[in-house]
Every structure is written in structure tokens, then in C-alpha cells.
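Trainee: Dumping the structure here so I can ask a few things about it.
Just so you know, all these numbers are worked out from the coordinates, no wet-lab data involved. Computed from a prediction, not measured in an experiment: that's the story for all the values here. Ideal geometry is used to build each Cβ from the backbone, glycine not excepted, and the neighbour counts take in all protein chains shown.
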Amino acid sequence: MWRHEWKINSTWAYLAPLAILVIFLLDLWEATHRAPVPFPPRIDKVYEVLEVMWPLVLGLAAAMPLPLEKEQGTLEFRLSYPRPLWRTVVMKLSLPYVFWAGIGVGTALWLDQTYLSLTPGTAAALVLPPALFLGGLGVMASAVTLNALSSQLVVALCWAWDLTTASRQSGLLALFPYLMRVEDLNLTVNRWLLTGLGAAMHVGAVIALSRRRP
């Protein structure tokens, strides 16, 4: 069943978010190893990859499965299934989330071997809260609009706003406090709030889809 779901939801569009991360990693590699005077490892560069770029990949990828299902003309049929709607959503999201996790493991291994390494706890605190928030935003927007492009635009605008304002205009919802060194912020509250809102938006996506049931 899972294999069938992944097959029908596979699309080359998933490579677009991956390309963003790959380009960034190649730029980091060039600057580290091929520059006339290679710079020493800096933790900020790890933050840029794990806290900023990797969560964006999930947000963009998570916005695609539900609109793709509508384009294929099978969403209404699936909504009529006599089974809990949350199972349908979980199956739809399993591909981008597994895809994202695979990218992350590969990225973390690359950073560990070529640049700097972090403890698993620190890496989780960097990655998971903003990733779950952006992923939830992408899923929620796609459940409401059923349009991949507009949903990805919502994610990109939220991400870009926090990045361009250096996480200082978002209050407790700052996505990148480690990279931006936001000092007047309770990081524990911030991390749990982003995680909770991300989970709530996933639930909200199920509720939005339930209203489309015949």
C-alpha cells in the first residue's frame, strides 16, 4: 500500500527543493576547499544548512502531495473512503517526509565528515521546530487552496520574512534564533511553540479536508 502511494505521488517537482539545498552545500564546499585561502569551519555555516535551508525543503515538499492528488482527479474519490481521514493525510505526506529525512541524514553525514558536527540533541533543536512549522504551514495551505504553487509561496514568504528580518520581528515564533543570535528570546518556549503550532497545522489540514468530504 505504501509503495503504491509513493509511486503515484512521485514527481520530479520534489527535486526542486532538493536543488536549493544541494546548491548551498556546493557553495559551502567550494568556499571551504577551493578558495585561495580556505576559511576555518564556522558554526554559523552549519546553522545556515540545518536551521535555514533544510526546514525550507520540507515546507516546499509538504505543499505538493494534496494538490497533486487533485490534479490527478483522485482526491474526491479518496475523500469518500470509509476510513479515518487522518490516515489518508499521513499516507500522502509519508513520501515528502521520508524524502526530507533521507536528505537530512545525508546532509548531516556530509557535514560531519567535511565540516563540523553537532550532537543529535543540538541538531534536533535546530532542525525540527522550524521544519515542523514550515511543513505544517505548507500542508495547511495546500489543504485549503489545493494549489501547490500558492501553498509553496506562502511557505517561502514566511521563511523569507523571518530571514530578512533576522528573526527579530517574529517574537516567540522566530524560526532562526540560533543563526541570528536573538538574545532576548526564551529558546525553550520558542522551540516548543513552533513544534506545537506545526503539529496543530497538520491537524488543521485534516479538518480542512474533512469539510470537502461529500
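Trainee: If you average 1/r over every pair of different alpha-carbon atoms in the stretch 78-127 and take one over that average, what Kirkwood value in Å do you get?
Mentor: On the way: mean 1/r = 0.0756 Å⁻¹.
Computed over Cα pairs of the stretch 78-127, the Kirkwood hydrodynamic radius comes out at 13.2 Å.
Trainee: Continuing with this model, one more query. Can you tell me the alpha carbon radius of gyration of the stretch 105-204 divided by the globular rule-of-thumb value 2.2 N^0.38 Å?
Mentor: Taking the Cα Rg and dividing by 2.2 N^0.38 Å, one obtains 1.15.
Trainee: Continuing with the same structure: Any chance you could list the semi-axes, whole Å, largest first, of the equivalent ellipsoid that the Cα gyration tensor gives for the stretch 171-214, using √(5λ)? Intermediate results must be reported in sequence, preceding the final value.
Mentor: Details: eigenvalues 200, 14, 7 Å².
They are 32, 8, 6 Å, listed largest first.
Trainee: Would you kindly state how much longer the chain becomes between Ser210 and Thr165 on full extension, computed as 0.36 nm times their sequence separation minus their alpha carbon distance, in nm to one decimal?
Mentor: Between Ser210 and Thr165, full extension yields an extra 12.6 nm.
Trainee: Tell me the label-point distance for the pair Leu157, Leu173, using the 7 Å Cα-to-Cβ offset, in nm and rounded to one decimal.
Mentor: 1.3
Trainee: Taking 7 Å along the Cα-to-C-beta vector as the label spot, tell me the Glu71-Asn186 distance in nanometres, rounded to one decimal.
Mentor: 4.4
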